[in-house]
Amino acid sequence: MKISFLGGTSTVTGSKHLLEVGNKKILLDCGLFQGLKELRLLNRAPFPVSPSSIDAVIISHGHLDHVGYLPVLVKNGFRGYIFCTEATAEIMKIILQDSARIQMEEAERARREGYSRHSDPKPLYTTDDVEDVFPLVRVIAFNETIELTKSISFRLTPAGHILGASVITLEIEGKKIVFTGDLGKYNDLLLPPPEPVSEADVLLCESTYGHTLHLTQYEEIEKRLIKHIVYAWENKSLQLIPGFAVERAQVLMYLISKLKHSGRIPPIALYLDSPMASAVSDVFGRFSELLKIDGLELYRALDSYDFVESLEESNKIVHSSQPRVVIAGGGMLAGGRALNYLFEHLENPKSILLLTGYQAEGTRGRAILNGMDELKIFGRYLKIRMRTDHIDGLSSHADRGDILRWIEHFRAYPKLIFLVHGEAHSADSLRLKLKDTFRNTEVLIPKIGDSFELF
């Protein structure tokens, strides 16, 4: 039995882990690389194995860095089943169609304005390629056991993190291999905590925040939101919050709606300018039984916002002279409608930019956090004059304490842990902590392309 790490190692993007058992190949997640150019180029490189040789793909959750390569895999010959929960399948449809649409629009814009080094820039995949993915999707319930062969089975358990997210537990020839996907927090506002898993011989564990704790409490987050929103109201300016369309946008909407209904912020206009986040919010409504808040409470929060669909309407809000809070698509400023706002407001010292989540290496969000004084947007360099702030307590990822708390539920600790989905410093910090805490466990940080014989 062999495992190969094809992405999502020493980085937080491109999650892909290939298990080979005899002549069977099972891919855990099929994510897109984002951020650094050297990583993004891997999206167009030949896949390390023939896609047609892969028997099944099991998806942990619907984020782009875990599903965004599926259209390429299918286009290049994969014909097996893609297994996931029903909520994940619904979110995946939205995420992949949006990804394809953005790629097509950016390719067209680059061609029209001539800022690509390619004479005829092409998207990695199109909306038609995305449509070819879904006939292969097989929806399964949490805790349902699926037999791939007589000696290989798996089940999915709730991971928190986002709606439908799963921890994958495989039983292969009597051995248990567990992949966390992305674990959620124990104090998430909308979702229950990750469900414990009791046994694993080998654990693939995410390490996004393996080096730190989410110290900012929700009371402090509310205070900072109030401060920025009041400023926008008094200065008739823009409060831009680039939001990850799945879960983060809904958490922000919930928090700000509560502040408005309680009278703690002025009656400022609230907009959700992300067709993808709007569609995902509808999925949240249809799967409200997976949330820990009442469905009516969710609908009340969503009803506080104007949902912006057309680009024409979006452009009017970009150029409006009225005070407004806009949650716009593009949480790391790598794409989405947030860039349209940034392009017009980055050099406006009265406009406010609030970053609320993890900013991967190579993204504009990370450049801002690193103190860069300018950004390149749509082929132009712009000075950063907006008021900027970053709130870390809204991440949907488990922090170091959450990860350790979840692992401590094992009846016997895994013999081997691979740390994935984390930048090098984060993964290594968690590795040292795990080695000190679980002294009989080997803890490794694989690199992209590494393979290991397991049993």
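The values are calculated or read from the model by the stated rules, or taken from the named source; none is laboratory data. All values reported here derive from a predicted model rather than from experimental measurement. Glycine also receives a Cβ, built like all others from the backbone with ideal geometry; neighbour counts cover every protein chain displayed.
Out of Leu382, Leu430, report the one residue that is modelled with pLDDT of 95 or more and either closer than 24 Å to Ala277 by Cα or out of contact with any His (no Cβ under 9 Å at 6 or more places or on another chain) (or both). Only one candidate passes the filter, namely Leu382.
Pairing residues of the range 98-115 that are surrounded by fewer than 16 Cβ atoms within 10 Å (Cβ to Cβ) with residues that are acidic (Asp, Glu), at Cβ distances under 9 Å and at least 6 apart in sequence or on separate chains, gives Arg111/Asp120. Filtered by the rule that a residue be among the β-branched types (Val, Ile, Thr) and either under 30 Å from Lys435 (Cβ atoms) or in contact (Cβ under 8 Å) with a residue 40 or more places away in the chain (or both), the range 222-255 gives Ile229, Ile241, Val246, Val251. Ile317 satisfies every condition listed in (1) closer than 30 Å to Asn187 by Cα; (2) modelled with pLDDT of 95 or more except (1). Hey, does the range 348-364 have a residue that's at pLDDT below 90 and of a type in the set (Asp, Glu)? Yes: the range 348-364 contains one or more residues that are at pLDDT below 90 and of a type in the set (Asp, Glu). Scanning the range 222-243 for residues that are in a helix (DSSP H, G or I) and either closer than 26 Å to Phe287 by Cβ or β-branched (Val, Ile, Thr) (or both) yields Ile226, Ile229, Val230. Regarding Gly379, is this residue at positive phi, touching a residue at least 12 places away in the same chain (Cβ under 8 Å) and not assigned by TED's automatic domain parsing to the domain that holds Ala165? Spelling it out, Gly379 is indeed at positive phi, touching a residue at least 12 places away in the same chain (Cβ under 8 Å) and not assigned by TED's automatic domain parsing to the domain that holds Ala165. Taking strands (runs of 3 or more DSSP E) as the structural unit, those lying wholly within the range 398-455 and holding at least 3 residues that are more than 25 Å from Gly357 (Cα to Cα) correspond to 442-444, 451-453.
Is there a residue being charged (D, E, K, R), touching a helix residue (DSSP H, G or I) at 6+ places or on another chain (Cβ under 9 Å) and without any contact (Cβ under 8 Å) to a residue 24 or more places away in the chain anywhere in the range 383-402? No, the range 383-402 contains no residue that is charged (D, E, K, R), touching a helix residue (DSSP H, G or I) at 6+ places or on another chain (Cβ under 9 Å) and without any contact (Cβ under 8 Å) to a residue 24 or more places away in the chain.
Say whether the condition of being more than 21 Å from the chain's Cα centre (by Cα) and either outside any strand (DSSP E or B) or in the same structural domain as Ala165 (by TED's automatic domain parsing) (or both) is met by at least one residue in the range 280-291. Scanning the range 280-291 turns up at least one residue that is more than 21 Å from the chain's Cα centre (by Cα) and either outside any strand (DSSP E or B) or in the same structural domain as Ala165 (by TED's automatic domain parsing) (or both). Among residues that are assigned by TED's automatic domain parsing to the domain that holds Ala328 and not β-branched (Val, Ile, Thr), Glu199 is not included.
Residues are listed down the side, and each one gets a yes or a no for (1) charged (D, E, K, R); (2) closer than 26 Å to Ser4 by Cβ:
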| position | (1), (2) |
| --- | --- |
| Lys24 | yes, yes |
| Cys30 | no, yes |
| Phe33 | no, yes |
| Ser50 | no, yes |
| Gly80 | no, yes |
| Met92 | no, yes |
| Ala100 | no, no |
| Ala110 | no, no |
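Residue by residue through the range 416-449, note down the ones that are charged (D, E, K, R) and over 16 Å from Leu39 (Cβ atoms). Result: Asp428, Arg431, Lys433, Lys435, Asp436, Arg439, Glu442.
Entry remark, the range 402-431: residues being under 20 Å from the mean Cα position of the chain (by Cα) and small (Gly, Ala, Ser) number 4 in total. Out of Leu355, Leu375, one residue alone is in contact with a Lys or Arg (Cβ under 6 Å, 6 or more places away or on another chain) and either within 27 Å of Leu39 (Cβ to Cβ) or among the charged types (D, E, K, R) (or both). It is Leu375. Residues of the range 354-375 include none that is in contact (Cβ under 8 Å) with a residue 60 or more places away in the chain, buried (at least 22 other Cβ atoms within 10 Å of the Cβ) and not assigned by TED's automatic domain parsing to the domain that holds Val246.
For the range 36-134, the helices (runs of 4 or more DSSP H) that sit wholly inside it and include 2 or more residues that are touching a Pro at 6+ places or on another chain (Cβ under 8 Å), farther than 30 Å from Arg286 by Cα and in the same structural domain as Asp182 (by TED's automatic domain parsing) are 86-113. Filtering the range 298-341 to residues that are within 19 Å of Ile265 (Cβ to Cβ) and either assigned to a loop (DSSP other than H, G, I, E, B) or without any contact (Cβ under 8 Å) to a residue 24 or more places away in the chain (or both) leaves Asp303, Ser304, Tyr305, Ser320, Gln322, Pro323. Within the range 167-194, the set of residues being within 15 Å of His214 (Cβ to Cβ) and among the polar types (S, T, N, Q) comprises Asn187 only.
Exactly one residue out of Phe307, Phe244 is among the aromatic types (Phe, Trp, Tyr), closer than 30 Å to His319 by Cβ and touching a Gly at 6+ places or on another chain (Cβ under 6 Å), and it is Phe244. Only one entry of Leu39, Leu27, Leu70 meets the criterion of being farther than 24 Å from Pro158 by Cβ and buried (at least 19 other Cβ atoms within 10 Å of the Cβ), and that entry is Leu39.
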